[in-house]
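Following: one structure in structure tokens, then a few remarks.
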Amino acid sequence: MFVGVPEARDLLRALLPDPGTETLPLAAAYGRTLVQTLEARVSHPSATESALDGIACREADTRSASSETPVRLRVVGESRAGLTHSAQVNAGECVRIYTGAPLPPGTDAICPVEQLDDGGPDHVWLRRPARPEDVRHEGGDFMTGETVLPAGLRLTAPRLALAAALGHAEVTVRRALRVALLSTGDELVAPGLPLARGQVYDSNRVGLHAMLLECGCEVIALDHAADTPAALQGALDQAGGADLLLTSGGVSMGRYDLLRDLLIGEGQVAFWKVRMRPGGPAILGGWHGLPIFGLPGNPVSSLVVFHVIVRPALTGQAVRTLRLRAATTFRTLPDKTAFWRGVIDSGEVRDYGAQGSGMLRSLSEANALVVVPEGQTVKAGDDVDVILL
Ligand SMILES: Nc1nc2c(c(=O)[nH]1)N[C@H]1C(S)=C(S)[C@@H](COP(=O)(O)OP(=O)(O)OC[C@H]3O[C@@H](n4cnc5c(N)ncnc54)[C@H](O)[C@@H]3O)O[C@H]1N2
Ligand code: MOO
């Protein structure tokens, strides 16, 4: 029942149903996985246009322009968004132009306003040659018919914006998995209520809810369950209809670790314990046909297990790692992969410091998980795999 991280991920994925697909307006598709290929319905830019506010002219007219020897051009019109100058521009002439406005015929270069002086009625002086690089060419970003977003991508904010720019109002995506979320433990108190000694605010519920939304899941937030078998079973009954029940707490070695007992005693167990730290006591099983993934209660452990096992299983996206130079030594463990909190700074990653699994501040102050495979040593100066948080 003791598994490695990749095996744990595969076992969870195997228990999740195929959610099917649906077509949604872009605004509702954040975090979902695209199941169609999106082609450009238009070219971008849709016309050859200016990248700057200034004048459009013929580059050849302006090559000698400098502060000492400015070049004077006659202004024959204006091109701005929605009101294009469509007449031919000839030698010695220019058109006032604004960023994103189409280039008038005959022009091939831009000089920005910062390099212009007033040259009398309808004239400007250029203190610098006009530059063809400041022209954005039609289709330079993408051309009509080009495949731009392939199926399988997760719809992040920039990709949703790109889908809109391609001319799509709707996208076909994987349906959201319905995940019921349950915190267990008598010591948990909802934030905002008074806290007695020995109690703790239910922070996992908040963090896990947000992480599930980031994964494009529909979240069914269950009431927190006290540490009695009846309370736990009652909570599990409320999760009917979910594709997965995600719990935190109650999976370790204690007498009140009831979820573990319930799955082992009355349900099924696919694994209990993963060869990782933190997060080793995670459990996967089922209860009356409902797949249940039990995260450890320690806040850091639940975050780490979510990142390396739950998120990839829910989204179908592999865990992305970077290779960075270690600025400090990272401890190795003989039989577990370690995911130590690290801080990426100036292109290197250093040890965050306190690695206790209850150190909540680290969830905000660390920005990376440093992966140290079983039995391997990472010394300062070595390259190491890093997961961005
Ligand atoms: N004798 C042993 N004790 C422990 C072992 C072990 O192998 N032998 N494993 C340790 C490890 S590793 C972890 S991780 C924890 C996991 O414990 P549980 O999943 O059973 O979680 P709890 O005991 O319920 O709580 C642990 C800790 O986390 C706090 N907690 C729980 N839920 C929340 C929440 N929703 N929000 C904020 N904080 C929460 C709880 O108060 C405890 O401090 O077990 C070790 N013990
Ligand atoms: O895995 Mo526990 O997750 O070390 O604190």
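What pairs come up if the first residue lies in segment 291-317 and is within 24 Å of Y256 (Cα to Cα), the second is more than 13 Å from ligand 1 (Cβ to nearest atom) and assigned to a strand (DSSP E or B), and their beta carbons are under 6 Å apart, counting only those six or more places apart or on different chains? Note: pairs meeting the criteria are P291/L244; I292/L245; I292/G285; F293/L284. The set of residues in segment 282-313 that are within 11 Å of ligand 1 (Cβ to nearest atom), crowded, with 24+ Cβ neighbours inside 10 Å and not in a helix (DSSP H, G or I) comprises A282, I283, G294, L295, P296, G297.
Here is the figure for segment 354-387: residues that are closer than 25 Å to P281 by Cβ and in contact with a strand residue (DSSP E or B) (Cβ under 7 Å, 6 or more places away or on another chain) total 14. Regarding segment 240-252, can at least one residue be identified that is in a loop (DSSP other than H, G, I, E, B), of a type in the set (S, T, Y) and touching a Lys or Arg at 6+ places or on another chain (Cβ under 8 Å)? For segment 240-252, residues in a loop (DSSP other than H, G, I, E, B), of a type in the set (S, T, Y) and touching a Lys or Arg at 6+ places or on another chain (Cβ under 8 Å): present.
Suppose the filter is small (G, A, S) and modelled with pLDDT under 95; does G207 pass it? Show your work before the answer.
Numbers: small (G, A, S): yes; modelled with pLDDT under 95: no.
Against the criterion (small (G, A, S) and modelled with pLDDT under 95), G207 does not qualify.
The condition (being within 23 Å of L314 (Cα to Cα) and in a strand (DSSP E or B)) is satisfied by just one residue among V171, V206: V171. So is G92 loosely packed, with under 15 Cβ neighbours inside 10 Å, at positive phi, within 45 Å of the chain's Cα centre (by Cα) and in contact (Cβ under 8 Å) with a residue 24 or more places away in the chain or not? It is false that G92 is loosely packed, with under 15 Cβ neighbours inside 10 Å, at positive phi, within 45 Å of the chain's Cα centre (by Cα) and in contact (Cβ under 8 Å) with a residue 24 or more places away in the chain.
Residue-level check: of (1) surrounded by fewer than 19 Cβ atoms within 10 Å (Cβ to Cβ); (2) within 13 Å of ligand 1 (Cβ to nearest atom); (3) under 30 Å from the mean Cα position of the chain (by Cα), Y256 misses just (3). Residues in segment 112-138 that are in a loop (DSSP other than H, G, I, E, B) and not charged (D, E, K, R): G119, G120, P121, P129, A130, H137. Annotation: of all residues in segment 215-239 being touching a Lys or Arg at 6+ places or on another chain (Cβ under 9 Å) and farther than 18 Å from P299 by Cα, the one that is surrounded by the fewest Cβ atoms within 10 Å (Cβ to Cβ) is E218.
The values are calculated or read from the model by the stated rules, or taken from the named source; none is laboratory data. Predicted model, so just to flag it, every value in this text is computed and none were measured. Ideal geometry is used to build each Cβ from the backbone, glycine not excepted, and the neighbour counts take in all protein chains shown.
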